1. Taking amide hydrogens as modeled 1.01 Å from N in the peptide plane, which residues meet the under 5 Å criterion relative to Gly242, leaving out close sequence neighbours?
2. Report the local net charge at Gln270: Lys and Arg +1, Asp and Glu -1, summed over other residues whose C-beta lies under 15 Å from its C-beta.
3. Show the residues, 5+ positions off or on another chain, whose built amide H is closer than 5 Å to the amide H of Thr236.
4. How charged is the neighbourhood of Asp128? Take every other residue with its Cβ under 14 Å from the Cβ of Asp128, and add Lys/Arg as +1 and Asp/Glu as -1.
5. Could you state, as a whole-number percent, how many of the C-alpha pairs of region 82-189 are farther apart than 25 Å?
6. Could you tell me what fraction of 2.2 N^0.38 Å the Cα radius of gyration of region 201-250 comes to, as a two-decimal ratio?
7. For region 188-272, just list the percent of Cα-Cα distances falling in each 5 Å bin from zero outward, please.
8. What are the ³J(HN,Hα) couplings of region 129-135, residue after residue, when phi is run through the Karplus curve with 6.51, -1.76, 1.60 and θ = phi - 60°? Round to Hz, x for glycine and proline.
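Only the coordinates and a few stated rules stand behind these numbers; no lab work does. Quick caveat: nothing in here was measured; it's all calculated off a predicted structure. Note that each Cβ is placed from the backbone with ideal geometry, even for glycine, and that neighbours are counted across all protein chains shown.
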Amino acid sequence: MTGVWVGISIKEGRRDLAPRPVKGGTVLENTCSFIISHARHCLVDLLKLICLKQWYQRRVRGKNVMASRIATTLVRSFSAASGEFIRAPVQVFGIEGRYAHALYSAATKQGTLGAVEDQLNSLQGAIDSVSGLKEYLTLPVCSKEEKKGVLGSAFGDAGVDPLVANLIDTMIDNKRAKNISGVVSAFNTIMAAQRGEVPCKVTSARPLSDDHLASLKEALGNFLKENEKLLLETATDEKLIGGMVVEVGDKRVDMSTATKIRKLKAALAQPL
């Protein structure tokens, strides 16, 4: 049997079946021709996928390498004085943690930890209170040099520590202005650990009485080391129904009535 219509053609970047006559061939020959042609195009598609995967992997590796270089860049930028990198008393992770650790090391060497902490919190206060400042720092239409010039002028008038000014300049250069608030929070976490402060947040359904607060402070104080002190923060959430949720550092203990009810419902829903 001859004249079987087989074949694959490429139109506008996509594959589609386009019949064309293959003259003088048997069914087996035309079938083999079709299989070989189809396999060739599948191989091309496979190679394209492999190239795309390799490109994506290179891009991800590039981002990871760039992120890992931030700490090194900051240490060189901030730590002009000789000496090893000074580790903080607590590890803070993420992009914000890298900037905060580098700033802590440089400020420790220069003996300006207290001043740097105060100025960072003042800067955060300005970001929170000055209308449009936060948006301006992340506005893509404003150049990096313009932003650094505006802030540099304000920092100069206010007598801001060069380490803080250098931190903000570096973050603007690295397109990390949106992370300034996170860096301030990370630095405060490090400084709290430096002073032996242990933050604790207690959330209850209703405000706690003075007697309850005193008993709670005494109970939590038994878990502290000799040189540590408790920083207790209280909050209320009616959704808890009763009981409380205690958060100490990175640990969380949920003793709320709402959670107990939810667990009881889940247990009753299990088949006997």
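1. Close amide H contacts, sequence-distant or interchain: Thr257, Ala258.
2. Numbers: positive: Arg262, Lys263, Lys265; negative: none.
Within the 15 Å Cβ shell, the charges total +3.
3. Ser204
4. On the way: positive: Lys134; negative: Glu135.
Spelling it out: positives minus negatives among the neighbours equals 0.
5. Working: 938 of 5778 pairs.
Within region 82-189, distances greater than 25 Å cover 16 percent of Cα pairs.
6. Values: Rg = 11.5 Å, N = 50, 2.2 N^0.38 = 9.7 Å.
This ratio for region 201-250 stands at 1.18.
7. Each 5 Å bin holds this share of Cα pairs: 3, 13, 20, 20, 15, 12, 8, 5, 3, 1, 0.
8. Karplus values, whole Hz, x for Gly and Pro: 9, 7, 5, x, 5, 4, 5.
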